[in-house]
Amino acid sequence: MLLARVVGTVVSTRKEPKIEGIKFLLLEKIDPKTVKGTGDYVVAMDGVGANFGEIVFYAAGSSSRMTAVTQNRPSDATITAIVDAIDVEGTYVYHKDRD
Amino acid sequence: MLLARVVGTVVSTRKEPKIEGIKFLLLEKIDPKTVKGTGDYVVAMDGVGANFGEIVFYAAGSSSRMTAVTQNRPSDATITAIVDAIDVEGTYVYHKDRD
Amino acid sequence: MLLARVVGTVVSTRKEPKIEGIKFLLLEKIDPKTVKGTGDYVVAMDGVGANFGEIVFYAAGSSSRMTAVTQNRPSDATITAIVDAIDVEGTYVYHKDRD
Amino acid sequence: MLLARVVGTVVSTRKEPKIEGIKFLLLEKIDPKTVKGTGDYVVAMDGVGANFGEIVFYAAGSSSRMTAVTQNRPSDATITAIVDAIDVEGTYVYHKDRD
Amino acid sequence: MLLARVVGTVVSTRKEPKIEGIKFLLLEKIDPKTVKGTGDYVVAMDGVGANFGEIVFYAAGSSSRMTAVTQNRPSDATITAIVDAIDVEGTYVYHKDRD
């Protein structure tokens, strides 16, 4: 899974029927050590109710269909966790309640 | 899913029988923040009737076969949505009716 | 799918039994706008009878097994179409009968 | 599979129910020749009880679900081995009991 | 499939039970035109009995499980052929019996 921040949303009216009603969030991948955006973006389906600004991780590829929301649907990136804390080399580089 | 613009078409007569009758669109991936092309291209099958110039997103890998048009066919990239709007950090960087 | 040119062949005697009798072609990916090689290569199985020099596209990943030739075989790249024409922004950047 | 070092952990409370109880480790990929980190990170599920600092390899994509811990769960990266030794060109570049 | 050279081995005692008894080879990807290593490495399972120094190609992703040795096992890279010859633009850039 890759770490990313929710930076926006993508809206679509004309789309594959199987993805009707699913929220599409725009994610910017982050460097875990600095928790800064890398300038690399992906549109992910949301299975956990992530909000703008939150750090998440998402599953890519066929694994992104192994959630209740995305099963058998054409998702290649699904948010599967909202991150509370990232510990690198014994130091919290990110802690949701603190940052 | 990745955001891209429909920039062309690819025509083929001699091809795998399973993909007869499917439209192959040439997509240029875009940077969501600037909505500009990145110079990186992919040929995608079209499941939603996308037109030249439109911003879309597509599903890659096995997920690209989870649409009515591509089921059990050798597609590794299928357009699954025509994008109406992209919101980054609370600002519409793209809005179809405006841009 | 990615566009590429058939630039060579790969020969193997000792191989996984399931891929006996399949032709392995060496492809160089092309930039669709210039139709020039990018220096990035992939070995693909051939499901359509592609010849040296031809522009093709291939399916990668699990989709490369969705052809009559490669079903249930360990292919992660299979040529699924010989390209006749590529149209970018309304101009033929490649047309087989012309180029 | 790719070689990586366990450099940290990722904690999440709100997550896809199917991944409750699984440990998420932060891995930094390594260059096998130097055994140094490359600055490229991935969050992996742990199927073998890897500890901080250990060199491991992980399976990516659908193969990351072929373990007892991750079966049918949305993992796209699962640690499948703790590495004892890496031999490059006949020399041990890494040996767990020595380094 | 990608072309690579067998440059070493990886040894692991504590690992996912499903991959017990399988040989893990370290591969360095090669540029087909020069047959030189690119400095990019992958650990692959061996389904064909490849030896140190040999040029091989491997299947990645789910296709790496379509061999007798790796079926249903967490492999994302499996050697499926030992290469005898590579022909680029009509010239043998590599021939096992000659090089």
Q: Give the distance, in whole Å, between the Cα centre of the range A:8-58 and the Cα centre of the range C:3-71.
A: 34
Q. How large is ³J(HN,Hα), in whole Hz, for each residue of the range D:14-21 in order, when computed from phi with the Karplus curve 6.51 cos²θ - 1.76 cosθ + 1.60 and θ = phi - 60°, using x for Gly and Pro?
A. 8, 8, 3, x, 5, 10, 4, x
Q) If you project the alpha carbons of the range E:55-99 onto their three principal axes, what span does each projection cover, largest first, in Å? A) 39, 20, 11
Q: Name the long-range amide H neighbours of C:Val83: under 5 Å, sequence gap of 5 or more, or other chain; modelled H, no Pro or chain starts.
A: C:Ile55, C:Val56, C:Phe57
**Q.** Cleavage-rule hits, chymotrypsin sites (Phe, Trp or Tyr not before Pro), the range E:1-98, DSSP coil, Cβ neighbours within 10 Å at most 15
**A.** E:Phe52
Q.
Can you find, among E:Thr9, E:Phe57, E:His95, the residue sitting farthest towards the positive end of the charge dipole of the range E:2-95, where Lys and Arg contribute +1 and Asp and Glu -1 at Cβ?
A. E:Thr9
Q) Roughly how many percent of the accessible protein surface of the protein assembly as shown is carbon and sulfur, given a 1.4 Å probe and a whole-percent answer? A) 48
Q) Roughly how much of C:Ser63 is accessible, in Å² to the nearest 10, using a 1.4 Å probe? A) 0
Q | Sequence of E:Asp84, E:Asp99 when ordered by accessible area, the most exposed leading, probe 1.4 angstrom | A | E:Asp99, E:Asp84
Q: Mind pulling the per residue volume of the convex hull built on the Cα atoms of the protein assembly as shown? Å³ is fine.
A: 134
Q: Can you check what the net charge comes to around B:Ala85, using other residues whose Cβ is under 12 Å from the Cβ of B:Ala85 (Lys, Arg +1; Asp, Glu -1)?
A: -2
Q.
Leaving out ligands and nucleic acids, and using a 1.4 Å probe, what accessible area per residue does chain B come to in Å²?
A. 39
Q: Using a 10 angstrom cutoff on alpha carbons, build the Gaussian network for chain C and name the most mobile of C:Arg65, C:Arg14, C:Arg73.
A: C:Arg14
Q) What net charge is computed for the residues neighbouring D:Gly37, neighbours being all others with C-beta under 11 Å from the C-beta of D:Gly37, Lys and Arg scored +1, Asp and Glu -1? A) 0
Q: List the residues whose amide H sits under 5 Å from the amide H of C:Tyr94, counting only those 5 or more places along or on another chain, with H placed 1.01 Å from N in the peptide plane.
A: C:Ile86
Q.
Give me the summed buried accessible area for the C-E pair, 1.4 Å probe, to the nearest 100 Å².
A. 2300
Q: Within a 10 angstrom radius of each residue's Cβ in C:41-49, how many Cβ atoms of other chains show up on average? Whole number is fine.
A: 4
Q) Within a Cβ distance under 14 Å of D:Asn72, other residues only, what is the Lys/Arg minus Asp/Glu net charge? A) +1
Q) Over all residues in E:24-31, what is the mean tally of Cβ atoms on other chains that come within 10 Å of each residue's Cβ? A) 3
Q.
Show me, for the range D:24-32, the HN-Hα J-couplings you get by feeding each phi into the Karplus relation (A = 6.51, B = -1.76, C = 1.60, θ = phi - 60°), rounded to Hz, glycine and proline as x.
A. 10, 9, 8, 10, 10, 5, 10, 7, x
Q | For C:Phe24, distant residues with modelled amide H under 5 Å away | A | C:Val10
Q | Reachable lysines, given that their alpha-carbon falls under 20 Å from the alpha-carbon of A:Lys29 and they are not under 8 places away in the same chain | A | A:Lys96, B:Lys29, B:Lys33, B:Lys36, D:Lys15, D:Lys29
**Q.** Gaussian network model of chain D, Cα within-10 Å springs - most flexible of D:Thr70, D:Thr34, D:Thr13
**A.** D:Thr13
Q) In chain D, if every C-alpha pair distance is counted and binned at 5 Å from zero, what percent goes to each bin? A) 3, 14, 24, 23, 18, 10, 5, 2, 1, 0
Q) Applying the Karplus parametrisation 6.51 cos²θ - 1.76 cosθ + 1.60 with θ = phi - 60° to the phi angles of the range D:60-65, what ³J(HN,Hα) value in whole Hz is obtained for each residue in order, glycine and proline being reported as x? A) 10, x, 4, 5, 6, 9
Q: Note down the nm distance, to one decimal, between modelled labels 7 Å out along Cα→Cβ at D:Glu89 and at C:Ala68.
A: 4.8
(Q) Under a crude label model (7 Å from the Cα following the beta-carbon direction), how far is D:Phe52 from E:Asn51 in nanometres? (A) 4.6
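The values are calculated or read from the model by the stated rules, or taken from the named source; none is laboratory data. Treat the numbers as computed from the prediction; the structure is a model and nothing was measured. Backbone-built Cβ (ideal geometry, glycine too); neighbour counts: all protein chains shown. Just so you know, the surface numbers come from the protein's heavy atoms only, side chains and all, with ligands and any DNA or RNA stripped out. Shrake-Rupley method; radii C 1.70, N 1.55, O 1.52, S 1.80 Å.
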